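Undergrad: Structure provided below as structure tokens; questions to follow.
The values are calculated or read from the model by the stated rules, or taken from the named source; none is laboratory data. Predicted model, so just to flag it, every value in this text is computed and none were measured. Here the Cβ positions follow ideal geometry from the backbone for every residue, glycine too, while neighbour counts run over all protein chains shown. We work out accessible area using only protein heavy atoms, side chains counted, and drop any ligands, DNA or RNA first. Shrake-Rupley method; radii C 1.70, N 1.55, O 1.52, S 1.80 Å.
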Amino acid sequence: MSKAIQVDDLSKLYRLGLVGTRTIAEDVNKLWAKMRGKEDPYLKVGESNVRSAKGISEYVWALKDINFEVGHGERFGIIGKNGAGKSTLLKILSRVASPTKGRVRLNGRVASLLEVGTGFHAELTGRDNIFLNGAILGMTQSEIKKKFDSIVDFSGVERYIDTPVKRYSSGMYVRLAFAVAAHLEPEILIVDEVLAVGDAEFQKKCLGKMHDVSEKEGRTVLFVSHNLQAIRNLCQKAIILNNGEMYDSGSAEECLKTYNDLVREVKITVDTEVKDFTHRRGKGNVRMASLEVTGTEGEQRFVYKKGEKILFRISYNVYKEMAGLTCTIALLSGISREAIVLIHHVITEDILMPGDTGGMLVEIEELNIKAGEYPLYFELRDSKYNEYSKDVIDDLTPPVVILDGDEESLESYNPGKPAGYFQIPSRIVNSEVVPGGYLKKVL
Amino acid sequence: MGKDPIESEWTLEIKPVSGWLNFPIKDVWRYRDLLMMFVRRDFVSVYKQTILGPFWFFLQPILTTITFTIVFGNIAKIPTDGVPPLLFYMSGIVSWGYFSDCLTRTSHTFITNANIFGKVYFPRLVSPLSNVISLLMKFGIQMLLFICFLVYYKVNGTPVYPNIYILLTPVLIILMAALGLGFGIIISSLTTKYRDLTFLVGFGVQLLMYATPVIYPLSAIPEKYRWVVLANPMTGIIDTFRYAFLGAGSFNAGNLIYTTVFAVAILSVGMLIFNRVEKTFMDTV
């Protein structure tokens, strides 16, 4: 099989923080080094991209020494946690960003869908937008004209085709946008998680379409997702990215196994710190010391079958006096970030003193919600719900994935819209407060 | 591409940014349909949901002309080379307007399009080019207005003398577009990382107008300082424009040649910088 994509030693350095007067000093530094014929001083200092660790340098390798190749007609998956470098890799492959080192060689016309509906203009009609968007994606006028009817047909918005798209529902908007993209016919199609939109039926249609263009028309598809089910169904081969580096590559099935092991390694400790504070917030009065999501056997995992029992094991340290303690755990919608399942328990009403530690085990007996991916949210607070007392961790663990019964098929998989809010019974199995119990292992 | 025969199998190679001399002319040509779509988008969307629509194009030069006539003509009493002040100012405003629109619009290219540029590749030059083309519509409408006034005055026997140099108008338009585009893309490239220049553009353009014979004729400038105004590449354009349509002032081929050389130079420099920046700007914008 001839090659469609070859990536050699690809690396990308990013600068963190703000652009300001200091940036100018660095630019001057770089220029000075260049003039003396030396290596860029900032290329050396890059650190690996571990988000949760405090960095010393402001420069970070978003990608480091990535190597892989994709054959013609292959469906290739890129797997990785948030911030693993997936999107950066896609951006380089789509020529939106440039690499710092290394090179990529491609064979054939490339079309990338990092987003559906790029360049849609709200004031223009659906018809005009088909032409505009098609042109942005690299189609010529005559190509679009030829495929126009088929695009409208695929999108299913024929009735509104001469209405400005600002009057469209978000669903119609996405349908129309994907319909244009689906008719691109490039030799290499690069797709980011565009499937996270639209309803289940439409998602199925999209996945089906991607499968078809590869199977029937022999096109190469590069697909990025942390939606494991979709990767399993679509891709033959895959690579895993972790902290900007290659973790594994091989058949999609093997990679998914490796990835599950990798994901299980997530450890949350008192020191878990995130630079931008989006993943851990709080004043530090109380801090979660460890966090585990386990099945009945005590094994840490994030994939569950519908109706299975799930356990959350949390331990914490107290650093300032707290008026009691409450715990909130939520399963969020991956798209809207609303709580789908919210469980809340008062752990103790007693005053907690600095130096106290504790642990709890919370159980959801039957997790009866729609199959899908649910990011997790954990919060500790005092029983008066004071803002200052909280410790929040979200998005730091992988999302919980719920599978539908026995059939792990595309039909049952819907990361898009787990609708509604569910009252699901939960209980505290076990809770213990150890006064002055730092360092003592609880539970 | 490479010396290695195997290399040539690949249709596209993505490498770190290096070198300055790789104009994407071929690429821009391949994306000409996109260029036309952008122009069309601007046409269709610009006056959506306004009642007067394109009539706003008339209002701006008329009001400015009236203001200038009152302030500079009647109060400051700046001479107008014997031409009715209204025609004199309007000719200056209409042509200067096109240049300044081109400049301001293209100088925001990277910032206004950051969203699209971050998601899909196409030669970035398509964006500023489409601006320059779609601004022609506004210019055309305002020219029409100017010609109406001109005809009205001529019929009433005012001494204005449109002449054969009117045939130079397309050249003048191209020169204005080239200057506006050149300056614009330089500014837009320089502002991706440091936004400081954006503050300058707005009033900078306005100040530059006073260094151009828009509100005064070249002849009103003392000989001693005339070189300052002549160094401004827009001077040749405005002057020729006025001479062609009104017969006022003089035609100086030297000035126009200077402008042409200047425009070609600034456009080349602009393309070089722009072309370099388009590859790295996503990291800095």
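Undergrad: Percent of accessible area on the protein assembly as shown owned by carbon and sulfur, 1.4 Å probe?
TA: 58 percent
Undergrad: Hey, another quick one. Indicate the helices, whole DSSP H runs only, in chain B that combine a mean Kyte-Doolittle hydropathy of 1.0 or more with a Cα extent along their long axis of 18 angstrom or more.
TA: Helices meeting the criterion: B:55-68, B:126-155, B:169-190, B:196-210.
Undergrad: Could you size up the charge dipole of segment B:27-117 around its Cα centre, putting +1 on the beta carbon of Lys and Arg and -1 on that of Asp and Glu, and report it in debye to the nearest 20?
TA: 180 debye
Undergrad: A further question follows. Taking amide H positions as placed 1.01 Å from N in the peptide plane, with prolines and chain starts having none, which residues 5 or more places from B:THR192, or on another chain, fall under 5 Å of its amide H?
TA: Placed amide hydrogens put nothing under 5 Å from B:THR192.
Undergrad: Chain B: longest stretch without exposed trypsin sites (Lys or Arg not before Pro) (DSSP loop, at most 16 other Cβ within 10 Å), sites themselves excluded?
TA: B:78-194
Undergrad: Chains B and A: what accessible area do they bury, summed, in square angstrom to the nearest 100, with a 1.4 Å probe?
TA: 3800 Å²
Undergrad: Under 19 Å from a point 7 Å along the Cα-to-Cβ line of B:ILE221: which residues of segment B:249-265 have their amide N that close?
TA: B:249-263
Undergrad: Further question: Work out the mean other chain Cβ neighbour count within 10 Å for the residues of A:119-127 and drop it here as an integer.
TA: The shielding value for this peptide is 4.
Undergrad: Could you provide, to the nearest whole Å², the per residue accessible area of chain B with probe 1.4 Å?
TA: Using a 1.4 Å probe on heavy atoms only, each residue of chain B averages 48 Å².
Undergrad: Now a separate question. Take every Cα pair under 8 Å in chain B that's 6+ residues apart, average their separations, divide by the length, and report that relative contact order as a whole percent.
TA: Taking the mean separation of contacting Cα pairs over the length of chain B, I get 27 percent.
Undergrad: Could I ask something else about it? Tell me what the protein assembly as shown gives for mean residue ellipticity at 222 nm when only DSSP H runs of n ≥ 4 count, each as -39,500 (n - 2.57), the sum divided by the residue total, rounded to 500 deg cm²/dmol.
TA: One gets -12500 deg cm²/dmol as the mean residue ellipticity at 222 nm.
Undergrad: When the solvent-accessible surface of protein heavy atoms is calculated with a 1.4 angstrom probe, in what order do A:ARG127, A:ARG381 fall, highest first?
TA: In descending accessible area the options line up as A:ARG127, A:ARG381.
Undergrad: Still on this structure, please answer the following. Starting from the alpha-carbon convex hull of the protein assembly as shown, give the projected area averaged over all orientations, in nm².
TA: Result: a mean projected hull area of 40.3 nm².
Undergrad: If contacts are Cα pairs under 8 angstrom and at least 6 residues apart, what is the relative contact order of segment B:13-117 in percent?
TA: 17 percent
Undergrad: So, one more: Mind checking A:131-139 for the average number of partner chain beta-carbons within 10 Å of each residue's beta-carbon?
TA: Averaged over the peptide's residues, the number is 6.
Undergrad: What does the structure give for B:114-127 when I average, per residue, the other chain Cβ atoms found within 10 Å of the residue Cβ?
TA: So the per-residue partner count for this stretch is 5.
Undergrad: Output the residues of segment B:191-228 meeting this criterion: accessible area (heavy atoms, 1.4 Å probe) in the chain alone minus accessible area with all protein chains in place is 20 Å² or greater.
TA: B:LYS193, B:TYR194
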